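A short write-up of the structure that comes next.
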Amino acid sequence: MKLSNEQLEQFNSSGYLILRNFLNEEICDEILEKAKEHLKRKEAPIESEQEYMNVNEEKITVRRLRQVYDREEIFKNWMENEKIRPILKQILNDTPVLTLAHHNSIMTKLPHESTRTYWHQDRRYWHFKNDDLVSVWLSLGDEYLENGLLEFIPKSHKINFSKDRFDENSNFLDENKENQELILTKTSQDLKKGDVVLFHCKTLHHASKNKSDHAKISFVYTARAKSNIPIKNTRSDFKELVLE
Ligand SMILES: O=C(O)CCC(=O)C(=O)O
């Protein structure tokens, strides 16, 4: 499958693109079933809500299952999906390479226990030669404002922000006046099971707390352009897979 010129233009100008109904429901359900087993066992490596919020509590609420590529065949299959490769190639204008260091995860917002994800650019902790990186978000269920929909600020990937617009964790400051004006331009588009969102590593995005009674579970991984090599001896310099 390939993107139309219009879709490609939309990705390039907005910094994100939604591909509706990309993966069929049965496969989404199989992925979801396996994800729930790992979540139930709180199987390491994980990121917890407590870690994200920097609180010292004994209780562990899973926020993200990390390093999912090697956990289940069905996870691996999705990340190596043949239908998406030509699309990633178009977006990156180069051969895509899976960066297993980053994202490579199943992201959750558990009901009531989850926290908000602050506005941020994914590039903040990553170390590559340039910004030719795209993330692939797969909704494994419906996502809407009440359960913590992923929202984006269109065109933010093209803005060079000064450092003072972020806090010490590189979260985009809600209380900054200029940020507030930009945040008003955010877009909120509900997602359904099987929808995919492609987004640039500099596109600002966030997700609210899940106020519904059901978990929001999504799969996210990242691909880089083959020419965009990771910086040696950083976290980004890790196992990778070329998607020829
Ligand atoms: O909390 C969410 O659902 C969004 C996660 C996110 O922004 C990310 O993985 O970069």
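Okay, here's what the table says:
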quantity	calculated
173, 204 arranged by Cβ crowding within 10 Å, fewest neighbours leading	173, 204
Dipole-positive endmost among 93, 69, 212 within the chain (Cβ charges, Cα centre)	93
Net lengthening on full extension, residue 232/residue 144 (0.36 nm per residue, minus Cα-Cα)	27.8 nm
Rounded Å value of the spacing that divides the Cα centres of region 108-180 and region 1-72	14
With eigenvalues of the C-alpha gyration tensor scaled by 5 and rooted, region 5-242, Å	24, 23, 19
The chain: relative contact order in percent, alpha carbon pairs under 8 Å with at least 6 residues between	33
222 nm mean residue ellipticity, helices alone, for the chain (DSSP H n ≥ 4; -39,500 (n - 2.57); rounded to 500)	-6000 deg cm²/dmol
Unit charges on C-beta of K, R, D, E only; dipole of region 90-244, Debye	320
Cβ-based exposure ranking for 188, 139, in which fewest neighbours within 10 Å come first	188, 139
Residue list for region 78-94, given a label point 7 angstrom along the Cα-to-Cβ vector of residue 21 and an amide N cut-off under 19 Å	83-84
Between region 91-107 and region 194-225, the Cα center-to-center distance that results, in Å	14
Potential lengthening between residue 176 and residue 73 on full extension [0.36 nm per residue; Cα-Cα distance subtracted]	32.6 nm
Gain in span if fully extended, residue 112 to residue 56, counting 0.36 nm per residue against the direct Cα distance	18.3 nm
Of 14, 128, 138, farthest towards positive along the dipole that unit charges on Lys, Arg, Asp, Glu beta carbons give the chain	128
Peptides ranked, highest mean first, by Cβ atoms within 10 Å: ranges 217-224, 2-9, 65-72	217-224, 65-72, 2-9
Residue among 99, 185, 115 with the largest mean-square fluctuation in a Gaussian network model of the chain, springs linking Cα atoms under 10 Å	185
Residues 52, 125, sorted so that the one with the fewest Cβ neighbours within 10 Å comes first	125, 52
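Taken together, the values in this text are just the output of simple stated rules run on the coordinates, not laboratory data. Predicted, not measured: the structure shown is a model, and the values here were computed from it. Positions of Cβ are backbone-derived with ideal geometry, glycine not excepted, and every protein chain shown enters the neighbour counts.
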